[in-house]
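The values are calculated or read from the model by the stated rules, or taken from the named source; none is laboratory data. Computed from a prediction, not measured in an experiment: that's the story for all the values here. Cβ placement follows ideal geometry from the backbone for every residue including glycine, while neighbour counts extend to all protein chains displayed. The accessibility values were calculated without ligands, DNA or RNA, using every heavy atom of the protein model including side chains. Shrake-Rupley method; radii C 1.70, N 1.55, O 1.52, S 1.80 Å.
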Amino acid sequence: MKVSQIQEYGQSVWLDYIRRHLLQDGEFARLVQEEGIRGVTSNPSIFEKAIAGSTDYESAIERYEKSNDETPLAIYESLAVEDIRQAADILLPVYVAFARRDGFVSMEVSPYLAHDTQRTIEEATRLWVTIGRENVMIKVPATPKGIPAIRQLISQGINVNVTLLFSRAVCGQVADAYRDGPEALVARGGDLSRVASAARLFVSLLF
């Protein structure tokens, strides 16, 4: 069965993988146009494997090292943002065709902020502005401190992809955040049609 056939059952398949060569050689565009891939997720581990396990990023890293006094973390973010933007641009036709309900690419906030609500909000907001693509989702973990951040970010009109869902109780808390965030967005005069969220539910770990 082709990926595109799964769509007949109301399913949307996202690629849990990203790498610069995949974006630049046309393969990702082919997967979107011919195979029916409708989105991409990423995380620091995925980028670590892509950067350390290939030569795709060597010239870009050398460029950053020569032209900027950047920390390794800043270089990583610059490389990741470039890839996220390119993936978002390739997925833009999907985003438009499905009325802003599909065609997203996700980038995760730093895992070091998982237990800090305010810094998660600030980091997610900064990434949202830096990437500058409306079909991007910012990944936020469903930790006790992450859930209030999820609610706040949605209320600001920022697309959120919730990760680290490992229990039914937490799923309920995320559902509450998904309800309260849009309500707050509407109350402040925001456009509800331009915000979307997703949840990465690890089904095998719930039962």
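Structure summary
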{"read-out": "Where a residue in segment 42-59 is more than 10 Å from Ile18 (Cα to Cα) and open to solvent by less than 60 Å² (accessible area, probe 1.4 Å) and its partner, wherever it lies, is assigned to a loop (DSSP other than H, G, I, E, B) and of a type in the set (Lys, Arg), with Cβ under 8 Å and at least six apart", "value": "Ser54/Arg19; Asp56/Arg19"}
{"read-out": "Matching option when the condition is touching an Asp or Glu at 6+ places or on another chain (Cβ under 8 Å) and of a type outside the set (Val, Ile, Thr), among Arg151, Arg119", "value": "Arg151"}
{"read-out": "Close pairs (7 angstrom Cβ cut-off, 6 or more residues apart or separate chains): under 17 Å from Ala149 (Cα atoms) in segment 162-173, at pLDDT below 85 anywhere", "value": "Val162/Arg200; Thr163/Arg200; Leu165/Arg200; Leu165/Leu201; Leu165/Phe202; Cys171/Leu201"}
{"read-out": "So Val129, is it hydrophobic (A, V, I, L, M, F, W, C), assigned to a helix (DSSP H, G or I) and closer than 25 Å to Phe28 by Cβ", "value": "yes"}
{"read-out": "Residue in segment 176-199 that is nearest to the chain's Cα centre (by Cα), counting only those that are part of a helix (DSSP H, G or I) and closer than 19 Å to Leu92 by Cβ", "value": "Arg194"}
{"read-out": "Selection status of Arg168, within 17 Å of the chain's Cα centre (by Cα) and open to solvent by 50 Å² or more (accessible area, probe 1.4 Å)", "value": "no"}
{"read-out": "Helices (runs of 4 or more DSSP H) lying entirely in segment 2-109 (those with 3 or more residues that are at pLDDT 90 or above and of a type in the set (Asp, Glu))", "value": "72-97"}
